[in-house]
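What follows is one structure encoded as structure tokens, with my remarks underneath.
Nothing in this text is a laboratory measurement; each read-out follows from the coordinates by a stated rule. All values derive from a computational prediction rather than experimental measurement. Counting neighbours? That spans all protein chains shown, and the Cβs are built from the backbone with ideal geometry, glycine included.
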Amino acid sequence: MNISKLSDKSGVQVSGIDVSHDLHDDDISKIVSLLYEHGVVCIRDQQIQPEELANFGARFGSPVEHNEENLRLNGLSTVMSLSNADDRDDRQLNGGAHWHTDLIHTNEPASFTMLHAVAVPPSGGGTLFANQILAYQALPIELEEKIRERVVIHCYEGRTDGSMPEILHSLIRKHPVTGKTALYGAADTGIGIVDMEAVEAMKLYLEIGEFATQDKFVYRHQYQLNDLVIWDNAQLLHSAEVLTRANSKQEQRIMHRVSVRGWPETD
Ligand code: OGA
Ligand code: MN
């Protein structure tokens, strides 16, 4: 395994491994350690099939199953395709183009999400990652005091009509494995803060979200064909770049995706 840094904010790239072969437990454990340490791991040059991605993903945790048939790639319950090449609507096309944490509107949000770059456009189509450990460390003390012990009320798509359950997550949280303190769910689906007046709460939530996603915390990943990018949702916010529909094969962006729950321990 050859390992080098992608930026001074987050991310390492790994080459010299082939995840289509059953990797040794030690190799998986090494990748998990890199994820905990650097937030994003990009494994280059992976020519893998969706089935192989599903198997690889399952070694990191318990894969999220997609109930809707149309989300399943090749009938695989855990592999989804993100694409600008077919006729899905604009909402689906740009569903990930805002700062968020995968499945934060559930009691057990995703730990890791991975994207395999199957088609990459010549420009654009990157993913942005905002390092929430750095953001926490840079919080001015007055802001830190305002949000210490605060718990955010999250709801699917930020809905406030009561149609989906309200889920609570602390805004400052220790990483479940490394114990490093980070901002958590600081942007996206928050609809309020426990024991705080509604307008004041949303003002504060938006202020924290802006703070947490400043350029100085952000690594932008430009995909190469066959990149396999994995990230740790407990220490990053992420956002897709806004996409336009592909008019030609060249402009296509296609990602195969697996997301998992659970926190593997490492040595
Ligand atoms: C996701 C996501 C970002 C992207 O798959 O959860 O947010 O760049 N994707 O496609
Ligand atoms: Mn996402």
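Counting alpha carbon pairs within less than 8 Å and at least 6 residues apart, what relative contact order, in whole percent, applies to segment 1-145? Write down the numbers at each step before the final one.
On the way: 110 pairs, mean separation 23.0, N = 145.
Once normalised by length, the contact order is 16 percent.
On full extension of the chain, what length is gained from Gln49 through Lys5, given 0.36 nm per residue of separation minus the C-alpha to C-alpha distance? Please report the intermediate quantities before stating the final value.
Values: separation 44, 0.36 × 44 = 15.84 nm, distance 2.68 nm.
Roughly 13.2 nm would be gained on extension.
A simple spin-label model places the labels of Leu206 and Glu65 4.0 nm from each other, with each point 7 Å out along Cα-to-Cβ.
Quote to one decimal, in nm, the extra length available between Thr266 and Gln92 on full extension: 0.36 nm per residue of separation minus the C-alpha distance between them. Before the final figure, lay out each step's value.
Working: separation 174, 0.36 × 174 = 62.64 nm, distance 3.56 nm.
Gain on stretching Thr266 to Gln92: 59.1 nm.
Taking each of Lys30/Lys249; Lys180/Lys203; Lys146/Lys216 in turn, the alpha-carbon distance tops 30 angstrom for Lys30/Lys249. For the chain, the longest piece that avoids every one of the trypsin sites (Lys or Arg not before Pro) found in DSSP loops with at most 15 other C-beta atoms within 10 Å covers 1-87. Ranking Val242, Leu183, Ile28 by how far each Cα lies toward the positive end of the dipole of the chain (charges on Cβ) leaves Val242 at the top. For Lys5, the aspartates and glutamates whose Cα falls under 19 Å of its own Cα, not counting residues fewer than eight places away in the same chain, are Asp27, Glu37, Asp45, Asp215, Asp227, Asp232.
Taking 7 Å steps out from each Cα toward its Cβ at Glu197 and Val151 produces label points 2.2 nm apart. So how far, in whole Å, is the C-alpha centre of segment 64-78 from the one of segment 185-213? Their Cα centres are 33 Å away from one another.
Summarising the amide proton neighbourhood of His154: residues at separation of 5 or more, or on other chains, whose placed amide H is nearer than 5 Å comprise Ile167, Leu168, His169, Ile191. Bridges between two residues of segment 1-107, per DSSP, are antiparallel at a rate of about 60%.
Give me the angle, in degrees from 0 to 90, between the Cα long axis of helix 198-212 and the longest principal axis of the Cα atoms of the chain, rounded to the nearest 10. Rounded to the nearest ten degrees, it is 40.
Quick one: grab the alpha carbon gyration tensor of segment 55-118, order the square roots of its eigenvalues as a ≥ b ≥ c, and give me rounded if a/c is under 1.5, else prolate or oblate depending on whether a/b is larger than b/c.
Values: a/c = 1.67, a/b = 1.20, b/c = 1.39.
Oblate shape, in that a/c is at least 1.5 and b/c is the bigger or equal ratio.
Give the distance, in whole Å, between the Cα centre of segment 123-163 and the Cα centre of segment 1-40. Between the Cα centres of segment 123-163 and segment 1-40 lies a distance of 26 Å. Sequence-distant contacts, meaning Cα pairs under 8 Å at least 6 residues apart, place the relative contact order of the chain at 34 percent.
Secondary structure note: in the chain, about 95% of the DSSP beta bridges are antiparallel.
Axis angle, to the nearest 10 degrees, between helix 25-38 and the longest C-alpha principal axis of the chain: 40 degrees. Could you pull out which residues in segment 61-83 have an amide N less than 16 Å from a spot 7 Å beyond the Cα of Asp26, following the Cα-Cβ vector? No residue qualifies, since no backbone N sits under 16 Å from the label point. By the Cα gyration tensor, segment 34-182 has an equivalent ellipsoid whose semi-axes, rounded to whole angstrom, run 29, 20, 16 from largest to smallest. About the centre of its Cα atoms, the chain shows a dipole size close to 460 debye [charges on the beta carbon of Lys, Arg (+1) and Asp, Glu (-1) only; nearest 20 debye].
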